[in-house]
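S.K.: Submitted below is the structure of interest, expressed as C-alpha cells.
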Amino acid sequence: MPASYHFLLVSDSPDDYGNQMLREALVVLGSLQVTSEGELIRSLQEQSYDVAIVDAGAVTSAPEVVSQIRELDPDTKTVVVTASKHWKVARGIFRAGAMDYLSKSLSKDEILVSFRKVLE
C-alpha cells in the first residue's frame, strides 16, 4: 500500500464525534479533506481521491451522492458512514456502487481494518 492516501469526507457536520473518529483513525493512512454536499463537484474536479466517505446523515440522499461520485470519478472508491445502519438503506447504497457501509460507532482499529480492505 502507498504511504499516503487521499480521503474526501462529504459531510455538513465534519466535527461530530463519528467524523472525528474517522479523522483520527485515517491519519495513519493519509490525508482527509472535508467538503459539503454542495461543494462535492468542485472538490472532485480540483483533486482526485482514493476514497470518498459519505456521511449518510449529513447528505440529502446517500445513494444519490455515491452515484454522483462514481459518475464524476469512477476510480474513487466510496464508503458510506452512518450513525444507524439499516439494511434497506444499505441495499440502495451498495446498488449505487459503495464499497462499504460503516457504523460511526466503530473503534479506530475497526475503521482502519475496513478502510484497508477497501483500499486493497
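The values are calculated or read from the model by the stated rules, or taken from the named source; none is laboratory data. Bear in mind that the values here come from a model prediction, so they are computed numbers and not experimental data. Neighbour counts run over all protein chains shown; Cβ positions are idealised from the backbone, glycine included.
S.K.: Answer with yes or no whether Lys104 is closer than 19 Å to Ser4 by Cβ, touching a strand residue (DSSP E or B) at 6+ places or on another chain (Cβ under 8 Å) and surrounded by 13 or more Cβ atoms within 10 Å (Cβ to Cβ).
M.R.: Working: closer than 19 Å to Ser4 by Cβ: no; touching a strand residue (DSSP E or B) at 6+ places or on another chain (Cβ under 8 Å): yes; surrounded by 13 or more Cβ atoms within 10 Å (Cβ to Cβ): yes.
So Lys104 does not fit the description; no.
S.K.: Does Val54 satisfy being more than 14 Å from the chain's Cα centre (by Cα) and among the aliphatic types (A, V, I, L, M)? If you could, list the steps in order and put the result at the bottom.
M.R.: Details: more than 14 Å from the chain's Cα centre (by Cα): no; among the aliphatic types (A, V, I, L, M): yes.
Answer is no for this residue.
S.K.: While we're looking at this one, here's another question. So which of Ala52, Ala56 ends up being modelled with pLDDT under 95 and among the hydrophobic types (A, V, I, L, M, F, W, C)?
M.R.: Numbers: Ala52 fails: modelled with pLDDT under 95.
Answer to the selection: Ala56.
S.K.: Whether any residue in the range 46-65 is farther than 19 Å from Ser114 by Cβ, touching a Leu at 6+ places or on another chain (Cβ under 6 Å) and surrounded by fewer than 20 Cβ atoms within 10 Å (Cβ to Cβ) is what I want to check.
M.R.: No: zero hits.
S.K.: Read through the list (1) touching a helix residue (DSSP H, G or I) at 6+ places or on another chain (Cβ under 6 Å); (2) over 18 Å from Ser114 (Cβ atoms), then give the number of the only condition that Ser36 fails.
M.R.: For Ser36, the failing item is (1).
S.K.: Let me ask something else about it. Please count how many residues of the range 63-98 are in contact with a strand residue (DSSP E or B) (Cβ under 9 Å, 6 or more places away or on another chain), over 22 Å from Glu39 (Cβ atoms) and either part of a helix (DSSP H, G or I) or modelled with pLDDT of 90 or more (or both).
M.R.: Counting residues in the range 63-98 that are in contact with a strand residue (DSSP E or B) (Cβ under 9 Å, 6 or more places away or on another chain), over 22 Å from Glu39 (Cβ atoms) and either part of a helix (DSSP H, G or I) or modelled with pLDDT of 90 or more (or both) gives 3.
S.K.: Give Gly30, Gly18 a once-over and let me know the one that is crowded, with 17+ Cβ neighbours inside 10 Å and at positive phi. Explain how you work it out, then say what you get.
M.R.: Numbers: Gly18 fails: at positive phi.
Answer to the check: Gly30.
S.K.: Same structure again: Is there a residue being aliphatic (A, V, I, L, M), out of contact with any Leu (no Cβ under 7 Å at 6 or more places or on another chain) and surrounded by fewer than 18 Cβ atoms within 10 Å (Cβ to Cβ) anywhere in the range 77-87?
M.R.: yes
S.K.: Can you tell me how many residues in the range 99-120 are closer than 15 Å to Val54 by Cα and either in a helix (DSSP H, G or I) or not polar (S, T, N, Q) (or both)?
M.R.: 9
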